[in-house]
Structures are given as C-alpha cells and as structure tokens.
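Values in this text are rule-based calculations from the coordinates and carry no lab data. This is a predicted model, so every value here is computed, not measured. Heads up, the Cβs are rebuilt from the backbone with ideal geometry, glycines too, and the neighbour counts pull from every protein chain shown.
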Amino acid sequence: MKLTTLVPLLLSCLFSGVSAQGIQISACTADQATEQTKLNNARSAWQRSAVNYYDYNWSEEYSGVNSAVYPYRVVVEVSTVQSINSQGQLVTTAMTIPQILDQIQSYLSDSTLRVYATYDANYGYPTMYQYMNSACGNVSTRRISDFDINSGNRLSAYNTNKALWQRKRWNNYDYSYQDYVQYKDAAWPLVVQVRNTLYASAQDHNNNQVLWASYNGQTINDFFALIKRQIDANVPYLEVNYAATDGYPTAIFYVTAGSTTIYAVEIFTCYAV
Ligand SMILES: *[C@@H]1O[C@H](CO)[C@@H](O)[C@H](O)[C@H]1NC(C)=O
Ligand SMILES: *[C@@H]1O[C@H](CO)[C@@H](O)[C@H](O)[C@H]1NC(C)=O
C-alpha cells in the first residue's frame, strides 16, 4: 500500500473513532436554546451579506437513506427559484435561503422536534440542518453545498460578461470544451480553433481531427447566442457560469420547457492565438 493511500485511511479511522465516542453532535444531543441563538446569528449574517443571486446544491438523507434524485441544483434570483433534480426533472419545492431559515425556525418552534444545524460563517446560509422527533427517530438531514454567489440576474450577468468578452476582440482563439449531451461517442474534451471569428477546426482528445458529419463547430459567440435564446425563452431552468476576467461562458446548463434533458456544456480553457 502506498503512503498516499494509507494516510487518508488512517485519518478516516481517526475521525470515525471520534464520532463513535459520541463527540459528534446531532439533533438528538444539541442544546435547543443554542440552536435558536445560532439561527438568529445566521439570519443576521445572511441579511448583512445582501446576497440576492445565488446557486446551490440541496440534498436530503432521510433516516440514513439517500434518494437518487439528489442533489437538486437550485438557482435563486431574489425570490424567484428554479431547480432541477439529478435526473433533469424540474423541482417545485426548492426554496430561497430566507425560506429555509424560516423552515428551521418552524422546526425549532415545534416542541415535538429536535434540531441541529451548521451555518456558513460568512454568509449565514445553512450548510447542514437536521431534525428528528423527540424520540430521536425519523432523522432528516439536509445539506447545502456548492454555493455560488452571482453578481446579478441572468440577463445582467449575460450582458456584463458578453461586454467583457467583446472588449477582448479575440478574432483568433482556441478553446477546449465538453458537451455532455450531444455527440456522446466522441473522445472528449475537444479543442476547437476559431480563426477570423469563424469556426475552423477541432480535434478530439486523441488529437484526431473532428470530421463527423453531424458536428456543428461553434464559436464563443455562438454559445452567447445560445444563452440569450434560453433567457429570451424564459426556460424553466438555466444556470450559466462565466470566466472571471475574459467573460466567456465556462458552464451552461439548461432544461427547456417539457424536456427532462439537461443541456450541459463546460468550456475549460479559451485563449487568444
Ligand atoms: C452539485 O450538483 C451538480 C448538478 O447536479 C453536480 O454535478 C455536482 O456533482 C453536485 N455537487 C455536489 C458536491 O453534490
Ligand atoms: C417514524 O415515523 C413513522 C410514521 O410517522 C412512525 O410510524 C415511526 O414510529 C417513526 N419512527 C421513529 C423511530 O420514531
């Protein structure tokens, strides 16, 4: 066994040992007055942070059982919530962070329930919240992860980033990307050459030219147009991430009305040549 394998194994034994000794807190042992104080502090931190546009993953484990539909990916714009589950189905039960804080409050105010939660130190959103009945049974543990803060709503993010991209005036560039839905047979990721603003060529990850009859080579501008079409169509789920300084999209996920296919593209690198 290699040392690199052994060290994490030893560490995991150490930590599971700690929880086996009962040091790990759960809703069964957590002091409820302390939980109320933590919730109040978290609510203040959230209000101070003034975060209005954000995305997060949400999952629930009910009495030790994980459902295959998790995580839900949730996109919030002030009080508008969009969400899909891991199978691409729209979720209508997803909530904003203030709604989740209210829900934790309702569990805390219910004398038949016990609650334990952890919150992000800076922003105050819950990272984990758990509740159970007073007999410490029927445990529901919910987790929030992959929390991203966005600078504005999807149209303003699109406008800001497209302007950033256009200011670069890159007529010749290479980018690498993966399309997770179309062209599944390909050796991804592909590297694409754009020359004089037009698609020129692409290679798969074995460095073979991409010459498939159905392949539709795209430019970064084509991806921007694709995003704009989804915004204009007000699709039921859209999440886009952009490169911080160059503005090109780094990830595009969306579901069109009536579909359960998550369109998913990631752009890994893009550079002028
Ligand atoms: C968050 O959700 C996305 C989309 O469903 C998934 O690809 C990613 O693995 C999730 N991350 C975690 C930590 O669960
Ligand atoms: C969990 O809930 C079910 C349905 O309400 C109940 O029958 C069962 O006794 C509960 N289990 C525990 C351990 O409290």
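Summary of computed values
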{"read-out": "Ordering of 145-151, 116-122 by burial proxy (mean other Cβ atoms within 10 Å per residue, highest first)", "value": "116-122, 145-151"}
{"read-out": "Residue with peak Gaussian network fluctuation, the chain [Cα springs, cutoff 10 Å], from 83, 67, 214", "value": "214"}
{"read-out": "Tilt relative to the chain, helix 154-168 - C-alpha long axis, 0 to 90 degrees, to 10", "value": "40 degrees"}
{"read-out": "Förster-model FRET efficiency, 45 Å R0, residue 213 and residue 127, C-beta, rounded to 0.05", "value": "0.40"}
{"read-out": "Shape call, the range 154-272: gyration tensor on alpha carbons, a/c limit 1.5", "value": "oblate"}
{"read-out": "FRET efficiency, residue 156 to residue 68 (Cβ-Cβ, R0 51 Å, nearest 0.05)", "value": "0.90"}
{"read-out": "Intensity falloff of the chain expressed as log10 I(q)/I(0), Debye formula with alpha-carbon point scatterers, at q = 0.08 Å⁻¹", "value": "-0.46"}
{"read-out": "Within a Gaussian network of the chain (alpha carbon springs, distance under 10 Å), most fluctuating of 155, 108, 211", "value": "211"}
{"read-out": "Ordering of 91-99, 69-77 by packing [mean C-beta count within 10 Å, highest first]", "value": "69-77, 91-99"}
{"read-out": "Cross-link partners of residue 162 among aspartates and glutamates (Cα-Cα below 14 Å; sequence separation of 8 or more within a chain)", "value": "222, 246"}
{"read-out": "Ellipticity estimate at 222 nm from DSSP helix runs (n ≥ 4, -39,500 (n - 2.57)) divided over the chain, nearest 500", "value": "-9500 deg cm²/dmol"}
{"read-out": "Global geometry of the range 24-149, whether rounded, prolate or oblate, following the gyration tensor of its Cα atoms and the 1.5 cut on a/c", "value": "oblate"}
{"read-out": "For residue 114, net neighbour charge (Lys/Arg +1, Asp/Glu -1) across residues whose Cβ lies under 12 Å away", "value": "-3"}
{"read-out": "Protection proxy ranking, peptides 56-64, 239-247, average beta carbon neighbours within 10 Å, highest first", "value": "239-247, 56-64"}
{"read-out": "Potential lengthening between residue 271 and residue 201 on full extension [0.36 nm per residue; Cα-Cα distance subtracted]", "value": "23.7 nm"}
